[in-house]
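Trainee: Below you'll find the structure I mean.
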Amino acid sequence: MIQTMKTTALASLLAVAAYAQSRAPLPPVPAPLSVPKPGPVTDAPYAPQPILPGGIVIPLYPAGSPYLKAERVKEAEQYNMSQAVPGRINSIVNIHNPSIEVHPVDRSLNTGAAVILVAGGGHNTLNVGTESADFVPFLYNYGVNTIILRNRLRRDGYNPQTDAVNDAMQAIRMVRAYAKEWGIDPNKIGIMGFSAGAELAAPSAVLFEEFDRKNGDAGDPLAGISARPDFVGIVYPGPSPFARNRTPPPVPRNAPPAFVICGGSGDRVHAVWALEYFNAMLAISLPNIELHIYGNGRHPGDPLADGARMTGGLTDRADTPFGTWQYRFIDWFRDLGFLGKPGVETKAAKDLAAFEKVPAK
């Protein structure tokens, strides 16, 4: 019986092998379609190309702006493409004409809320894959419009604390200026920064009044449009203006509500920076600030035991609670009224208005 089974199995294998040899070869795999690539270099300022299909890309500053380096603004951006996923941009460098890329949601879903995403990368690269592009479909499902910021980098000769922070606040003004065209509620525009990107988001939440004063010239098409974000997300942050080795700015009474998250002992340095920002807001009793420090979490790029490196953004992170932080953000966002209908005053706005009426201690 056993011998018969062996004979039958061998015959089956030989039949499969013979069929495979006689089968026609598979056609070649087609080349990937619509792979993003940098735009051409011309005599005009470089025209940034969309990271994702359908993106509306607008430079932050007009040609000739004193914020731009005239000698470099024509240079093309450089894309670091994924080796595993065709057409996916992992990161971008050589950004001299900073821009926003807008991804509106369908009218049937639209809450009017908009999140400006500021990727990290140590100010040496902009990790727009995991910390920007991946959030477009995620936030779309909640009716939230997404804007990807391409800010200037230290590696390309810019100061993160001035040039890049200016880019972030200019992005807020730009989105507010075009809010009606994009179906965005001008009172539901906020910014979320990751790692080095949080070093832009945090100052935007406290320095907007100074930026508005400096950019209120009548010749500025955005004059009179506020750079104040209506909310801020601080995600595994770099140092904020409240880091211990810096002179902290005063916290304005109308600073926006903040959602702050980081890993704990596994990302101790960034956790301390997260606490410094949170404590500065807590010191004035700013309403609707929320902090999550997770017991099990590492910083993106950190080496892991298996030789891989920690990933950022929405990735699951080996089933740890830290890997679900985005849902805690949605809980907070919904609680403050940002997922309600466009044009309806949010709980965040009501709470802040009541807070501003109380004399400062």
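What follows draws every value from the coordinates through simple rules; no lab data is involved. Just so we're clear, the structure is a prediction, and the values are computed from it rather than from any experiment. Counting neighbours? That spans all protein chains shown, and the Cβs are built from the backbone with ideal geometry, glycine included.
Trainee: Take the Cβ-Cβ distance between ASP335 and VAL85 as r, set R0 to 25 Å, and report the resulting FRET efficiency rounded to the nearest 0.05.
Mentor: Values: r = 35 Å, r/R0 = 1.39.
Step by step, r from the Cβ atoms, then E = 0.10.
Trainee: Further question: What order do you get for 195-207, 346-358, 150-162 when each peptide is scored by the mean count of other beta carbon atoms within 10 Å, highest first? Show your work: numbers first, answer last.
Mentor: On the way: 195-207: 26.8, 346-358: 15.1, 150-162: 18.5.
In decreasing order of mean packing, 195-207, 346-358, 150-162 become 195-207, 150-162, 346-358.
Trainee: Just to confirm the filter: which GluC sites (Glu not before Pro) across the range 43-118 are DSSP coil and have at most 16 other Cβ within 10 angstrom of their Cβ?
Mentor: GLU71
Trainee: What length, rounded to one decimal in nm, is gained on full extension from ARG246 through to ALA305, with 0.36 nm per residue of separation minus their alpha-carbon distance?
Mentor: 17.7 nm
Trainee: Now for a different question. Which ³J(HN,Hα) values, rounded to whole Hz and listed in residue order, are derived for the range 38-45 from phi using the Karplus coefficients 6.51, -1.76 and 1.60 in 6.51 cos²θ - 1.76 cosθ + 1.60 with θ = phi - 60°, glycine and proline given as x?
Mentor: In residue order, the calculated couplings are x, x, x, 8, 10, 7, 8, x Hz.
Trainee: Using the Karplus equation 6.51 cos²θ - 1.76 cosθ + 1.60 (θ = phi - 60°), what ³J(HN,Hα) coupling, rounded to whole Hz, does each residue of the range 240-246 give in order, writing x for Gly and Pro?
Mentor: Running phi through 6.51 cos²θ - 1.76 cosθ + 1.60 with θ = phi - 60° gives 9, x, 9, 4, 4, 9, 10 Hz.
Trainee: Same structure, new question: How much length is gained on full extension from LYS357 to ALA47, taking 0.36 nm per residue of separation minus their Cα-Cα distance?
Mentor: Answer, rounded to one decimal: 107.0 nm.
Trainee: Additional query: Among 303-309, 25-31, what's the highest-first ranking by average C-beta atoms within 10 angstrom per residue?
Mentor: With the highest mean Cβ count within 10 Å placed first, the list reads 303-309, 25-31.
Trainee: Tell me the mean residue ellipticity at 222 nm calculated for the chain from its helices only (DSSP H runs of n ≥ 4, each -39500 (n - 2.57), averaged over every residue, nearest 500). List each step's numbers first, then the result.
Mentor: On the way: 9 runs with 96 residues, N = 361.
Counting only the DSSP helices, I get -8000 deg cm²/dmol.
Trainee: Oh, and also: Starting from the Cα of ARG253, step 7 Å along the direction of its Cβ; do the same at ASN279; then give the gap between the two resulting points in nm.
Mentor: Taking the two extended label points, one gets 2.6 nm.
Trainee: Moving on to the next point. Using the crude model of +1 on Lys and Arg Cβ and -1 on Asp and Glu Cβ, and no other charge, please compute the dipole size for the chain relative to its Cα centre, in debye to 20. Numbers along the way, then the final one.
Mentor: Working: 33 positive and 32 negative charges, 65 e Å.
That gives the chain a dipole magnitude of about 320 debye.
Trainee: Looking at the chain only, what percent of DSSP beta bridges run antiparallel? Nearest 5 please.
Mentor: DSSP beta bridges in the chain are roughly 40 percent antiparallel.
Trainee: Please work out the FRET efficiency for the pair VAL344 and LEU26, using the Cβ-Cβ distance as r and a Förster radius of 41 Å; give the result to the nearest 0.05.
Mentor: E(calc), rounded to 0.05, equals 0.15.
Trainee: Using amide H atoms built 1.01 Å from N in the peptide plane, name the residues 5+ places from LEU291, or on other chains, whose amide H lies under 5 Å from its own.
Mentor: VAL260
Trainee: On full extension of the chain, what length is gained from LYS74 through LYS37, given 0.36 nm per residue of separation minus the C-alpha to C-alpha distance?
Mentor: Here the answer is 11.7 nm.
Trainee: Can you compute the modelled spin-label distance between ASN124 and ASN296, with each label point 7 Å from Cα toward Cβ, in nm?
Mentor: In this crude label model, ASN124 to ASN296 measures out at 3.0 nm.
Trainee: From the Cα gyration tensor of the range 197-243, with a ≥ b ≥ c the square roots of its eigenvalues, which class applies: rounded if a/c is under 1.5, or else prolate if a/b is larger than b/c, or else oblate?
Mentor: Verdict is prolate for the range 197-243.
Trainee: Apply the Karplus parameterisation 6.51 cos²θ - 1.76 cosθ + 1.60, with θ equal to phi minus 60°, to every residue of the range 251-262 and state each ³J(HN,Hα) to the nearest whole Hz, in sequence, with x for glycine and proline.
Mentor: These are the phi-based 3J(HN,Hα) values: 8, x, 5, 9, 4, x, x, 10, 10, 10, 9, 6 Hz.
Trainee: Connecting C-alpha atoms closer than 10 Å in a GNM of the chain, tell me which of PRO342, PRO53, PRO186 has the biggest fluctuation.
Mentor: Greatest mean-square fluctuation among the candidates belongs to PRO53.
Trainee: Another one. Taking H placed 1.01 Å from N in the peptide plane, check which residues at least 5 places from VAL251 or on another chain put their amide H under 5 Å from its amide H.
Mentor: Those qualifying (amide H under 5 Å, at least 5 residues apart or on another chain) number zero.
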